[in-house]
Amino acid sequence: MVPLKVLTLVVAGQNQPSVLVLQPVEDAPAGKARIVPIWIGPTEAAQVGMALEHVKLPRPMTHDLMLDALTNLDARIDSTVIYGSKGQMFFAHLVISQGGRLITLDARPSDAVALAVRQDAPLYIEEDVLDAASFPFLFKGEQQTEEEIAEFKTFLDHISPEDFTNIDGL
């Protein structure tokens, strides 16, 4: 199995499919990588997006409810494994650990990823699925580091309209 990370989530307009883009966590030549695009619906994209952004709503959504139930049953998400694909459809297992045993459940990749991200559980893909379903991806410039991305997000979180007044005496 090959470890994965979420590279990005491309959210399309309302009632249009979005793309969850996964990338192997592997040593790739500078500026090159492989990606696995998974087409998902708008509702699924919203759930994955909330997980990636650590959004907490006042009332629990379905994924939050499931994690709450698992926690109360002394279980947690162990990992997500993408084990197959057929055309543009992917198949995943959600692996849960409870009482020293692993329980494997069939799941849609979007649900399994949304749950795993919420609990910081690892994502994996079977190597033959990666080979069959991945695409080469070239970065135009050097890839940004996690630190650079975090710094930019902090900048965006703290910018205000007043920051754009009186620029060079304008």
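Could you pull out every residue, at least 5 positions away or on a different chain, whose amide H is within less than 5 Å of the one on L7? Hs are placed 1.01 Å off N in the peptide plane, and Pro or chain starts have none.
Hits under the 5 Å cutoff: V21, L22, Q23.
In whole Hz, what ³J(HN,Hα) sequence does segment 73-80 give by Karplus (6.51, -1.76, 1.60; θ = phi - 60°), x for Gly and Pro?
9, 6, 10, 8, 6, 8, 5, 10
Please list, in chain and number order, the residues 5+ apart from G84 or on another chain whose amide H is under 5 Å from its amide H, with Hs placed from the backbone.
F91
What percent does the relative contact order of segment 1-144 come to when contacts are Cα pairs within less than 8 Å and at least six residues apart? Write out the running numbers ahead of the final one.
Details: 267 pairs, mean separation 39.6, N = 144.
About 28 percent, as a whole number.
Show the residues, 5+ positions off or on another chain, whose built amide H is closer than 5 Å to the amide H of R76.
For R76, whose amide H was placed from the backbone, the distant partners under 5 Å are S97.
Out of the trypsin sites (Lys or Arg not before Pro) in segment 18-121, which ones are loop residues according to DSSP with at most 15 other C-beta atoms within 10 Å?
Values: sites: K32, R34, K56, R76, K86, R101, R118; in loops: K56.
Those that pass, being in a loop and sparsely packed, are K56.
Values in this text are rule-based calculations from the coordinates and carry no lab data. None of the values given here were measured: they were computed from a predicted structure. Virtual Cβ from ideal backbone geometry, glycine too; neighbours counted across all protein chains shown.
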